[in-house]
Amino acid sequence: MTTPWSSEEPSAAAAGESEQDFPAEGPDDDGVEDPAGFDPQRATAAAAYGKAIHNAPAPAPEPGDGAGDAVDPEQQVQTDIEELSAKAELADEYLLIAQRTQADFENYRKRSARDAALAQDRGIAKLARELLPAIDNLERAVQAATAYGAPAGAPATSQAADAGLAGDAQIVDGLKLVHAEVLAALGRAGIEPFSPIGEQFDPQHHEAVAQNRVEGTAPGTVIEVYQQGYRLGETVLRPARVLVAA
């Protein structure tokens, strides 16, 4: 049994502890061992590290952080004005594009309507030119029946029978009715005949067949129409064939 004043100390093995569980003790600056295991070098290093951390400058705030994002109000206003100006310029550009598109559409619509009207007029004019010879023959038939037959609405005479012609008044009336209906149909399509007797000769509307000197008539005056002309609006479908005073 040992006493506190004994020079013998219990061994680490007897207490169940190893030597690594205790820090190594060394002499201090005075050559005296520190029983608490205090290391002056480590203490000095720790103090220097703490001072460096305390005096280190604060890190710069990242963009978008709440702290340190103070912006100059004047600069912010200027930025907003520039953004609004850019948006206004973009809106003006879009408006100009929309106006150009609308103008192009209006031009296209008008051009389409004009082309459709011209195509319709061309179709009507083509059909009328095909019908004009038949209309001329119908007019000749009416004239012949009227000249060699009885007047319209009157019974046939012996003169018509002697000429070998059926001058039946009903036939004459029927021919006249058909002729009038055909002209009315052409009129509804915008086609009208014209007979320029007494007018000044116009090569764009008249076709001179012959010339004849007539006393008291100015030269170039239409004195007789051999064949009526037809026109569709301002377009001459067929010029009138006329006799002109020389």
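I'd like the residue in region 226-246 that is modelled with pLDDT of 90 or more and over 53 Å from the mean Cα position of the chain (by Cα) and, out of all such residues, is most open to solvent (accessible area, probe 1.4 Å).
Among residues in region 226-246 that are modelled with pLDDT of 90 or more and over 53 Å from the mean Cα position of the chain (by Cα), the one most open to solvent (accessible area, probe 1.4 Å) is 226.
Taking region 180-192, which residues are open to solvent by 40 Å² or more (accessible area, probe 1.4 Å), assigned to a helix (DSSP H, G or I) and not small (Gly, Ala, Ser)?
Once the filter is applied, which keeps residues that are open to solvent by 40 Å² or more (accessible area, probe 1.4 Å), assigned to a helix (DSSP H, G or I) and not small (Gly, Ala, Ser), region 180-192 yields 181, 182, 183, 188.
Would you pick out the residues in region 79-125 that are of a type in the set (Ser, Thr, Tyr) and under 24 Å from residue 189 (Cβ atoms)? Quick ask: steps written out before the conclusion?
Looking only at region 79-125, we keep the residues that are of a type in the set (Ser, Thr, Tyr), and these are 79, 85, 94, 101, 108, 112.
Selection gives 112 alone.
Can you tell me which residues in region 230-246 are under 27 Å from residue 215 (Cβ atoms) and assigned to a strand (DSSP E or B)?
If the condition is that a residue be under 27 Å from residue 215 (Cβ atoms) and assigned to a strand (DSSP E or B), then 240, 241, 242, 243, 244, 245 are the ones that fit.
In region 100-140, what residues are open to solvent by 100 Å² or more (accessible area, probe 1.4 Å) and among the polar types (S, T, N, Q)?
Passing the criteria: 102, 120.
Hey, can you tell me all the residues within region 193-213 that are surrounded by 12 or more Cβ atoms within 10 Å (Cβ to Cβ) and in a loop (DSSP other than H, G, I, E, B)? Don't jump to the end; show me each part of the working.
Here is the first cut: in region 193-213, the residues surrounded by 12 or more Cβ atoms within 10 Å (Cβ to Cβ) are 193-197, 199-202, 205-209, 211.
The answer is 195, 196, 197, 199, 201, 202, 205.
Which of the residues that make up region 214-225 are outside any strand (DSSP E or B), surrounded by 12 or more Cβ atoms within 10 Å (Cβ to Cβ) and not hydroxyl-bearing (Ser, Thr, Tyr)? Write out each step before concluding.
Of region 214-225, the ones outside any strand (DSSP E or B) are 214-220.
Going one step further and asking which of them are surrounded by 12 or more Cβ atoms within 10 Å (Cβ to Cβ), we end up with 214, 217, 219-220.
Scanning region 214-225 gives 214, 219, 220.
The values are calculated or read from the model by the stated rules, or taken from the named source; none is laboratory data. Model, not experiment: these values are computed from the prediction. Here the Cβ is made from the backbone with ideal geometry for all residues, glycine too, and neighbour counts use every protein chain on show. In case anyone asks, the SASA skips ligands and DNA or RNA and just uses the protein heavy atoms, side chains included. Shrake-Rupley method; radii C 1.70, N 1.55, O 1.52, S 1.80 Å.
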